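Notes for the one structure printed next.
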Amino acid sequence: MSIDVAVIGGGISGLALAYDLKRQGRRVTVLERQANAGGNAVSERIGGFLMEHGPSTVNATSAVAVDFLRELGLDAERFDLGAGARRRYLVKRGVLQGLPAHPLGIFTSSYLSPRARLRVLAEIAVPRRRDADASGEETVAQFCTRRFGREFTERVIDPFVGGLYAGRAAGLSVSAVFPKLVDLERRFGSIARGAVLSRRADGGMSGSRLSSWNTGIGALPKALSSDLSGAIRTGAAVRRIQPLADGFMVDAGSAGRLHARSVVLATQPHIVARLLEDVDQEAAAAAGAIAAPPLAVAFFGYRRDQVEHPLDGFGFLTPACERRTINGALFCSTMFPGRAPEGSVAICGYFGGARAPDLGALAAGALVDLAREEFRDLLGARGEPVVARVRHWPQGLPQYGIGHGKAVATLEQLGDRVPGLFVTGNYLHGVSVPDCLGVARETASRVDLFVAERFGDRREPVEAPSFSALRQ
Ligand SMILES: Cc1cc2nc3c(=O)[nH]c(=O)nc-3n(C[C@H](O)[C@H](O)[C@H](O)COP(=O)(O)OP(=O)(O)OC[C@H]3O[C@@H](n4cnc5c(N)ncnc54)[C@H](O)[C@@H]3O)c2cc1C
């Protein structure tokens with residue numbers, strides 16, 4: 001028996017894409033290597049604490065996230081970031097310095113030197129890049145230093161991209177990670193001027209509203225999975241895909257084989273590279289060039305009286321020039337209710353990424369020691385934590401380096417060279433959960449169109465075949 005679409009990888013991207021295709025009446029099966037679907041999005045209760053192994057928040061202002069959450073019935077149960085979590089801290093000379101929550105907070109605080117603040121204000125007078133229309137691609141560091149000055153880039157932008165992408169400003173392509181900034185410079189000649197004018201034009205509607213659920217971000221893959229029940233095969237690591245005249249044979253080793261009219265690769269890029277080696281070398285090379293350095297999450301629970309710092313904010317970020325081991329941390333129990341038992345607090349630290357890949361790969365015991373030292377020095381945390389848990393992501397977040405746009409184009413044109421084969425995932429157009437949902441929805445439309453055009457528009461209001469349909 002053949003199905004319409006085999007989705008390889010059951011993270012947020014694969015699940016969202018399969019959810020859409022199933023709703024469109026396509027027979028779809030998700031093959032997931034792990035024992036549970038969800039990929040990075042794992043929430044775990046440890047005693048009364050809630051540890052997020054991956055994402056902690058979803059930006060619920062993004063249009064696609066709004067649609068998914070409403071369709072899944074998750075909107076009503078969602079809660080937004082607590083008012084006490086608006087303040088952000090940055091580390092300066094080994095001390096946490098709070099920035100006021102409003103956008104101009106950076107100017108009213110003494111975090112940046114007066115000279116650096118003046119330099120940021122002078123952005124409005126910095127001429128547009130002369131070869132802005134030429135192909136010369138800039139890194140985030142080059143772009144931001146040119147427009148806002150070195151100190152702002154080192155002390156604000158670099159830690160910010162460390163938090164968002166586990167990346168380095170000097171390693172990421174500005175057109176890949178901040179296309180809106182490049183566009184503002186191109187259209188208005190200045191980011192500040194462009195931001196004010198475009199904000200006026202959209203009525204000040206843009207912004208972000210970070211949300212989660214009582215059970216954590218795991219609520220999202222759970223809701224997607226329950227809608228797909230019967231269509232997800234866990235413990236099925238796909239080893240090979242073979243194009244045939246009438247579709248593809250998908251080989252998941254001892255878990256079985258499956259014939260599908262179309263295949264979507266929704267795995268991490270290094271797996272995409274491996275699976276495409278014998279199918280399309282061009283796309284395999286493009287995926288293989290996207291690095292995803294190791295990242296580790298250290299989740300700590302303390303009694304409230306063990307931590308001196310009020311934890312009155314979202315968390316802190318550390319600029320690389322501070323030379324600390326930790327990239328930053330979230331004050332989880334301030335962000336959302338239910339993250340720590342009464343009288344306790346929860347803090348989550350991040351190590352590794354592009355800044356220090358070796359740290360992301362350290363053994364759990366060594367990371368616990370490093371996190372304890374950092375929390376002691378920066379937050380005044382004393383004594384044995386109540387909970388100390390480490391999660392390793394050997395392939396952390398994909399790095400959108402110089403040339404990323406070309407790699408994405410090569411991957412997205414895969415279907416032109418191998419009809420019926422598609423990719424989706426966090427290495428294409430943004431790493432955030434809403435970005436993944438958006439790319440998945442758009443890819444699902446293209447897959448649906450392909451199946452309709454190639455095989456006729458016969459849709460079945462049926463459940464996808466159960467596991468028994470996998471041929472042994
Ligand atoms: C520590 C961390 C913190 C983050 N914080 C946030 C945040 O706060 N907010 C936010 O919006 N985003 C955050 N992100 C980013 C976001 O969580 C991810 O980009 C997103 O979840 C990735 O989803 P995905 O489905 O594209 O990939 P993945 O989650 O990597 O899923 C890929 C799936 O493919 C499976 N797979 C791999 N090989 C095979 C195979 N051969 N056969 C079958 N299955 C296979 C894997 O097991 C996995 O389940 C964070 C990410 C991390 C790691």
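The values are calculated or read from the model by the stated rules, or taken from the named source; none is laboratory data. Quick caveat, the model's predicted, so the values are computed rather than measured. No Cβ is skipped: glycine too gets one built from the backbone with ideal geometry, and neighbour counts run over all protein chains shown. Accessible surface areas use protein heavy atoms only, side chains included; no ligands, DNA or RNA. Shrake-Rupley method; radii C 1.70, N 1.55, O 1.52, S 1.80 Å.
Details
- For segment 176-274, the relative contact order is 11 percent, taking Cα pairs closer than 8 Å that sit 6 or more residues apart in sequence and dividing their mean separation by the residue count.
- Charging the Cβ of each Asp and Glu at -1 and of each Lys and Arg at +1, and nothing else, the dipole of the chain about its Cα centre rounds to 960 debye.
- Between the residues Leu362, Leu244, Ala170, the greatest Cα displacement towards the positive end of the dipole of the chain, with unit charges on the Cβ of Lys, Arg, Asp and Glu, is found for Ala170.
- Shape metrics for segment 325-472, restricted to C-alpha atoms - Rg then Dmax, Å: 22.3, 66
- Only protein heavy atoms count here; under a 1.4 Å probe, Phe107 has an accessible surface of about 60 Å².
- Selection from Gly256, Ala296, Phe336, by position along the positive dipole direction of the chain (Cβ): Phe336
- To the nearest 10, the accessible area of Arg117 is 50 Å² with a 1.4 Å probe.
- Here the gap between Arg23 and Met249, fully extended at 0.36 nm per residue and compared with their Cα-Cα distance, gives a gain of 79.0 nm.
- Each other residue within a Cβ distance under 11 Å of Ala284 adds +1 if Lys or Arg and -1 if Asp or Glu, for a net charge of -3.
- 0 to 90° range, to nearest 10: angle between helix 179-188 axis and the chain longest Cα axis: 70
- Sum of -39500 (n - 2.57) over DSSP H runs of 4+, divided by residues of the chain (222 nm, nearest 500): -9500 deg cm²/dmol
- Scaled radius of gyration (Cα, divided by 2.2 N^0.38 Å) that segment 347-408 gives: 1.43
- Cα-based Kirkwood hydrodynamic radius, segment 1-155, one decimal, Å: 20.6
- Straight-line cross-link reach from Lys222 at under 19 Å between alpha-carbon atoms covers these aspartates and glutamates, not counting any fewer than eight positions away in the same chain: Asp20, Glu32, Glu44, Glu52, Asp67, Glu71, Asp75, Glu77, Asp435, Glu463.
- Rounded to the nearest 20 debye, dipole of segment 253-381 from Cβ charges on Lys, Arg, Asp, Glu: 260
- Among the trypsin sites (Lys or Arg not before Pro) in segment 290-384, those placed in a DSSP loop whose Cβ has at most 15 other Cβ atoms within 10 Å are Arg323, Arg382.
- Solvent exposure of the chain, expressed per residue, is 43 Å² of accessible area, with all protein chains present and a 1.4 angstrom probe.
- When you filter the GluC sites (Glu not before Pro) in segment 297-397 for DSSP loop state and at most 13 other Cβ atoms inside 10 Å of their Cβ, you are left with Glu308, Glu342.
- Ligands, DNA and RNA left out, the accessible area of segment 13-76 computed with a 1.4 Å probe is 48% carbon and sulfur.
- Within the straight-line cut-off of under 29 Å between alpha carbons, the lysines reachable from Lys406 are Lys180, sequence neighbours fewer than 8 places apart in one chain being disregarded.
- Across the chain, the relative contact order, built from alpha-carbon pairs under 8 Å that are at least six residues apart, equals 26 percent.
- Tilt relative to the chain, helix 433-455 - C-alpha long axis, 0 to 90 degrees, to 10: 20
- Across the chain the C-alpha pair distances fall into 10 Å bins from zero in the proportions 4, 19, 29, 26, 16, 6, 1 percent.
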